[in-house]
Amino acid sequence: MDRVVTSIPGDVVSTAPPSIGPPLWLLAELTYRCPLHCVFCYNPVDFARHETELSTDDWLRVLREARELGSVQCGFSGGEPLVRDDVEVLAAEASRLGFYTNLITSGIGLTDRRLEALRQAGLDHIQLSFQDSTREINDFLTDTKTFDLKRRVGAAIRGHGYPMVLNCVIHRLNIDHVDAIVEFAIEMQAEYLEFANVQFYSWANVNREHLLPSREQLQRAEAAIGRWRERLGTKMKIFFVVPDYYEKRPKKCMNGWGNIFLTIAPDGTALPCHTARMLPGLDFPSIRDESLRSIWYESAGFNRFRGTGWMKAPCNTCPERDNDLGGCRCQAYMVANDPAAADPVCEFSPHHHRIVEAVAGAQGESVQAPPDVQPLVFRSPESSRRLARPF
């Protein structure tokens with residue numbers, strides 16, 4: 001690929017592939033610490049091995065460098081970002097730099113005092129997560145007693161003038177509650193409700209046999225969402241994305257590897273998506289050691305799966321290759337044990353039968369897993385250390 005010379009502040013010269021645009025969306029994963037123990041958490045299964053966190057000054061530098069690169073949206077997430085006491089400082093700097101800012105939170109730790117401070121800091125948006133419409137299921141799935149607290153936090157968010165944005169991860173254990181969850185969202189005066197069908201990475205992959213819904217469950221949920229959209233009109237926007245396992249064509253993962261999204265993990269590792277550090281043989285640099293500009297344009301990890309040149313059969317001759325860019329590299333690794341394989345969700349993948357088999361095993365109405373399946377594994381530092389041992 002031809003390269004062009006780009007001048008950057010300080011008279012440093014960097015070369016960059018001309019086809020690579022800026023990282024428009026910055027995900028700042030401030031911490032892996034979290035008071036919840038969700039069975040579908042997207043944090044890495046071995047998160048307990050990555051306990052060192054960036055300092056406030058490090059994060060401020062990340063924000064400045066990302067904005068200089070052209071990032072326009074910044075999400076603060078975790079774990080639970082509010083376990084850190086510098087979220088307000090970071091939100092204020094991001095706002096000053098011109099980012100549109102979003103806090104993705106369980107609500108734990110979001111007091112009136114912090115809400116007011118975040119409002120003063122210029123935070124634009126808060127997304128509050130729920131696990132179900134009932135106390136029993138919400139608290140079971142998180143292994144906590146947080147349902148009532150979340151309701152109070154939701155009211156406080158509205159009271160401070162933020163739009164009510166709810167997120168509920170759905171799966172086999174709660175997908176039949178879609179109607180009740182929408183009714184709960186109406187009660188919470190939600191303006192946006194996202195049904196995030198669980199995708200099978202990290203902890204959700206560990207618990208896949210418990211969480212993969214049946215086709216009948218998915219069809220009922222889609223029909224229910226359709227009825228609610230017709231009934232509510234513009235009063236509440238409802239988002240619902242079919243889980244990958246029930247598709248025949250893969251999605252363009254993160255809108256393409258290293259195309260738009262840039263994730264910074266709590267320890268400073270820069271990633272093209274939040275689960276990419278699981279992939280073997282890739283070196284993802286840290287912002288402690290390199291500038292974001294160098295990482296985004298020059299690092300081997302970010303360039304490994306950009307474009308289509310890395311593809312092998314059947315992707316390299318597929319007429320859809322420019323549309324889906326081969327699908328998800330993490331899914332390819334988890335199912336096919338090869339990060340350069342075609343996403344097994346694709347019906348043309350030689351490994352697609354493994355997805356078909358998983359879906360076949362999920363059919364039936366019972367939410368109980370077969371007796372030979374391991375019990376649910378709840379996210380915790382202890383289970384993280386245990387699961388990480390084989391690596």
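We did not get these values from a lab; they are worked out from the coordinates using the rules stated. All of these numbers come straight from a predicted model, not from anything done at the bench. Cβ placement follows ideal geometry from the backbone for every residue including glycine, while neighbour counts extend to all protein chains displayed.
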Next item on the list: Determine, for the chain, the count of lysine pairs separated by eight or more sequence positions (or lying on different chains) whose alpha-carbon distance falls under 27 Å.
Entry: 8
Notebook entry, point to check: Near the amide H of residue 197, under 5 Å away, which other amide H atoms are found, from residues 5 or more places off or on another chain, if H is placed in the peptide plane?
Noted result: 170, 241
Item checked: Net charge of Cβ neighbours under 12 Å - reference residue 318; Lys, Arg +1; Asp, Glu -1 -> -2
Notebook entry, point to check: On average over all directions, what projected area in square nanometres does segment 173-321 have, based on the convex hull of its Cα atoms?
Noted result: 12.1 nm²
Check: Computed over the Cα atoms, what is the radius of gyration of segment 136-216 divided by 2.2 N^0.38 Å, N being its residue count?
Finding: 1.19
Check: Antiparallel as a % of all DSSP beta bridges within the chain, to the nearest 5?
Finding: 20 percent
Checklist line | For the chain, size of Cβ-based charge dipole, Lys and Arg +1, Asp and Glu -1, in debye | finding: 280 debye
Next item on the list: Please identify, among 165, 359, 87, the residue showing maximal mean-square fluctuation in a Gaussian network model of the chain using a 10 angstrom Cα cutoff.
Entry: 359
Margin query: Counting just the Cα atoms, what span does segment 255-391 cover along each of its three principal axes? Round to the nearest Å and put the largest first.
Written below: 50, 44, 24
Checklist line | Inter-centroid distance (Cα atoms) of segment 31-77 relative to segment 225-255, Å | finding: 27 Å
Next item on the list: Evaluate the relative contact order of the chain (contact order divided by residue number), counting alpha-carbon pairs under 8 angstrom at least 6 apart; express in whole percent.
Entry: 19 percent
Notebook entry, point to check: If you bin every alpha carbon distance in segment 171-212 into 5 Å steps from zero, what whole percent lands in each bin?
Noted result: 6, 21, 24, 18, 15, 12, 5
Checklist line | Selection from 71, 28, 81 lying farthest towards where the dipole of segment 14-109 points positive, charges on Cβ | finding: 71
Notebook entry, point to check: Calculated from DSSP H runs of 4 or more alone, at -39500 (n - 2.57) each and per residue, what is the 222 nm mean residue ellipticity of the chain, nearest 500?
Noted result: -9500 deg cm²/dmol
Notebook entry, point to check: Per Stokes-Einstein, at 20 °C and 1.002 mPa s, what whole-number D in µm² s⁻¹ belongs to the chain, with the Kirkwood radius over Cα pairs as the hydrodynamic radius?
Noted result: 97 µm²/s
Next item on the list: With only Lys, Arg, Asp and Glu charged, each at its Cβ (+1 for the first two, -1 for the last two), find how big the charge dipole of segment 126-222 is about the Cα centre; round to the nearest 20 debye.
Entry: 240 debye
